[in-house]
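Okay, structure first, notes after.
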Amino acid sequence: MSKELAKQYNPAKSEDRLYQFWEGSGFFTAKCDESKTPYTIVIPPPNITGQLHMGHALDNTLQDILVRWRRMQGYDTLWLPGTDHAAISTEVKVVEALAKEGLNKADLGRDKFLERVWDWKRIHGRRIVEQLKKLGSSCDWSRERFTMDAGCSKAVVEVFNKLYEKGLLYRGERIINWCPHCKTTLSDAEVEYTEHDGHFWYLRYPLKDGTGWLELATTRPETMLGDTAVAVHPEDERYAHLVGKTVLLPLVGREIPIVADEYVERGFGTGIVKITPAHDPNDFEVGRRHNLPIINVMNDDGTMNGEAGEYAGTDRYDCRKKIVSALEEQGFLVKVEDMKHNIGSHDRCRAVVEPMVSLQWFVKMGPLAQPAINLVKNGKTKFVPERFSKVYYHWLENIRDWCVSRQIWWGHRIPAWYCNDCGGITVSRGTPSACQHCGRTNIKQDEDTLDTWFSSALWPFSTLGWPDNTPEFAQYYPTSTLVTGYDIIFFWVVRMMFSAAEYTGREPFNTVFIHGIVRDAQGRKMSKSLGNGIDPLEEIAKYGADALRITLATGNSPGNDMRYSEEKVSASRNFANKLWNAARFVLMHLGNETLPDGMPEELALEDKWILTRLNTLTREVTDNLEKFELGLAVQKLYDFIWDELCDWYIELAKIRLNAGGKAKTDTLCVLCFTLSAAVRLLHPFMPFITEEIWQALPHDGETIMLAPFPVFNAELDFSAAEAEMARLMEAVRALRSRRAEMNVPPGKRAKLYIQTEQYETFTRGVEFLQKLAGVSDVVWDEAPPANAVQVVTADAVLFIPLDDLVDLDAERARLGKELEQAQKILAGVNAKLGNVEFTSRAPMHVVRHQRDTAATLEQKILLLNESLAKL
RNA sequence: GGACGUUUAGCUCAGUUGGUAGAGCAUUCGCUUGACGUGCGAAGGGUCAGCGGUUCAAGUCCGUUAACGUCCACCA
């Protein structure tokens, strides 16, 4: 901030310069100092394919607030940044880019393709990092990581081996979710279910012995090609005689058994279910119980395969139509009903997911879930808000094995080798030269890669050096706080928790601070398809990063969604400007003056008041931050700076600043002290403008980032002065209000006659009344002229003679109304005080407060009555 | 089917361990007030979704109903 200050704060002039100053000076760099208490946040790594959106802006603003706050408090603070390789997203992007050049994956081959992805990553993967900097994120970029860098990859291989050795990782044929578009498996978490209009086809399967047929219903008739049984409930008397018999599968002619299984719901449909073990998770289980063959009828692209006979090669939906009409022609279709049906689709590409049997790698979840549950049950990790722990428990208690292999190339290649001779599997940390079972060298590595979340699950410790015992791991693990949206609890938080419990034996973080999502002004989710997304960078360019940050931090309670509207950012920008001008005011008066150290020996009433208010603010903001109530903290800072500091203290300070001399110097001391403290309290929320102002004020140290966060100071706490000031403020407000009601021109100054027992207070306040309430002179204990407007406060009657402006009847009516109001409130208070239940049971301070209120009201009523009598 | 969230001023939302309801924006009136019109002063506007309960006292705690929303499960 130069001495030539612009009337308006221009963030564009400051932000990039300050960020470079901070980063270049190494202020973001964690010192790994064992003598200090660590505070650690590991960033939720954004995808290298991503661009900064409002969700990131919110998430990273919250993290930066916490980190900057703790850093100022003197913690050894580390905010570790990094990016995620985002397996499927990235692969899809690169495939699309290749397509524009007329190339495809298969033509290039695995190695060439991966080279292209790495190239793409080098070019585009840094974009999101640069965008995070625009927001002011104080990440330790010297420790930036990537989920596929050497360290993270080492952790992945280590974990894969450990799990395999422990029997928690197995390769087997199970039902998985298959995306026919991306041609890969998906985990359960990646499938989204939405309701669609569908049909329920009732089919007729003839009994082999020719004695009749069975009627059953299906929503996916094409899967009948893979039917290997028909099932009924074991206790269903209607069908008991059929169990053990055989039916002939229509169109196919395959002989399939009728089995009894409890999975069948007697009351649903006809009570008979066709069993397709290869294409339905429940049917798969039935198939296992009854040793049924598994016939997969589909290819990896969603077309039918050779098992589908004449339908081979047709798309699954074409096949459905053909099957239905064939069934109808041949008399196997009984009827069709409309029904609502939930269909799963891939959350990335929206393609309808096909349940399918496939040979894949799975993580056995049962043994891993319980320790993760315990971490939260035992309070090692806390959710904020607490209610999300319920969601967490529910998910872990019902979790199924995690399919971790993916049929794409971009990612961590599965460290398993298959022997072409003996068929054995060799899982290894390095590249094995021979099969560990038969010793022969005819081995080949698995072509698949791991689910992108496999490496993200290790992020809180792999980024700190694990599995090596690095100084960083020793100092910063477990991390302190994880900040993330509720939409990612299942994908990520759960997996980090069980991974950390298993490999590090500890919780990955002490607190999971959950926030909601940022919606548009109409409350809709921001999305590409709706085109309602708002680019945070455009908002930063327009209003400044500080304005965007406090907009996102304010008026939003933990775990709840918020609506974004530009009006809010503009209001925040106005606040920044207000603060800027307060600083400009102080600096203008400070000029080249050097202030003495410490506080003036004698503090004026208003000094004591603002210092006490500052103390309260300090205590409350710190308290709010500790409880993750960031929105409340911002609100209090906003109110203090705008209302108390600017609208009251600075206005009053003008009196002594203009008086000059010692009064001026003393006032400047308090002003600089207060502003410096306010700006430090605000720094975590609005880092740029606060640095700019702090630098311009008298200060110690290089940067506000490392300046001490204010603490409560008992020596500067004056509750009596605070109360006295409150009485004067009440008088000022009352006078202003009366003048406005009476349409007194603001320029018109009037004498003020005061009748009060609080003589000292009002004597001290004379100048306040003159400065703020349009008073010319104060007259004590003298009968005011008859044509005076009266203002009755709790402890004084103030008369403003306004000559012809006063209408006595109106005055009488107004005072009468005030009297009535006061009596009404007093009646309520007295009723309470007269109630023994209240006086005996309510806490002392509450009762005292009520007595004080009653006394004040009685006094006011007395004064009002006197005034009325004189009119 | 299960779980959770929301319901407070015209709009968007805060409201900490129960103690007489707040902000921003919008509205109305007034203002060259020597930091700021991105500003200053003043004003209007709320039976805190409904019902019941606990309590001396409920926006706040418990129960219940309704509307809206989210997540989980997925009966073929």
request  = Determine the shape class of chain A: with a ≥ b ≥ c the square roots of the Cα gyration tensor eigenvalues, call it rounded for a/c under 1.5, and otherwise prolate if a/b is greater than b/c, oblate otherwise.
outcome  = prolate
Cysteines not pairable in chain A (beta carbon separation under 4.7 Å absent) = A:Cys32, A:Cys139, A:Cys152, A:Cys319, A:Cys349, A:Cys403, A:Cys646, A:Cys669, A:Cys672
inquiry  = Cross-link candidates for A:Lys166: which aspartates and glutamates have Cα within less than 17 Å, leaving aside residues fewer than 8 places away along the same chain?
reply    = A:Glu158, A:Asp401, A:Glu502
query = For chain A, what is the calculated [θ] at 222 nm in deg cm²/dmol (nearest 500), taking -39500 (n - 2.57) for each run of four or more DSSP H residues and dividing by its residue count?
reply = -13500 deg cm²/dmol
message = Past 22 Å, Cα to Cα: identify those pairs from A:Lys36/A:Lys134; A:Lys608/A:Lys662; A:Lys245/A:Lys321; A:Lys7/A:Lys636; A:Lys100/A:Lys133, in the order given.
response = A:Lys36/A:Lys134; A:Lys245/A:Lys321; A:Lys7/A:Lys636; A:Lys100/A:Lys133
request  = Please work out whether region A:87-141 counts as rounded, prolate or oblate from its C-alpha gyration tensor, where a ≥ b ≥ c are the square roots of the eigenvalues and a/c under 1.5 means rounded, while otherwise a/b larger than b/c means prolate and anything else oblate?
outcome  = prolate
note = Taking a ≥ b ≥ c as the square roots of the Cα gyration tensor eigenvalues, with a/c under 1.5 meaning rounded and otherwise prolate when a/b beats b/c or oblate if not, region A:9-68 comes out oblate
Förster radius 35 Å - calculated FRET efficiency between A:Asp16 and A:Leu595 (Cβ-Cβ, nearest 0.05) = 0.65
query = What is the spin-label model distance, in nm, from A:Arg440 to A:Lys870 if the labels are put 7 Å beyond Cα along the C-beta direction?
reply = 11.5 nm
remark   = Taking r as the C-beta separation of A:Arg841 and A:Ala813 and R0 as 41 Å, the FRET efficiency to the nearest 0.05 is 0.50
ask   = So, in region A:739-871, how many Lys pairs have Cα atoms under 15 Å apart, if the pair is 8 or more places apart or on different chains?
value = 5
ask   = So in region A:222-357, what percent of DSSP beta bridges are antiparallel if you round to the nearest 5?
value = 75 percent
task = Sum up the lysine pairs in region A:355-496 that clear both bars: alpha-carbon distance under 27 Å and a spacing of 8 or more or different chains.
result = 8
inquiry  = What lysines does A:Lys322 reach when the alpha-carbon gap must be under 28 Å and sequence neighbours fewer than 8 apart in one chain are set aside?
reply    = A:Lys183, A:Lys208, A:Lys274, A:Lys335, A:Lys340
message = Starting from 0.36 nm per residue, how many nanometres of slack lie between A:His341 and A:Leu706 once their C-alpha separation is accounted for?
response = 125.6 nm
ask   = Using the beta-carbon distance between A:Asn574 and A:Lys525 and R0 = 35 Å, what value does 1/(1 + (r/R0)^6) give for FRET efficiency, to the nearest 0.05?
value = 0.80
query = Relative contact order for chain A using alpha-carbon pairs under 8 Å, separation at least 6, rounded to a whole percent?
reply = 13 percent
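Just so you know, all these numbers are worked out from the coordinates, no wet-lab data involved. Bear in mind that the values here come from a model prediction, so they are computed numbers and not experimental data. Note that each Cβ is placed from the backbone with ideal geometry, even for glycine, and that neighbours are counted across all protein chains shown.
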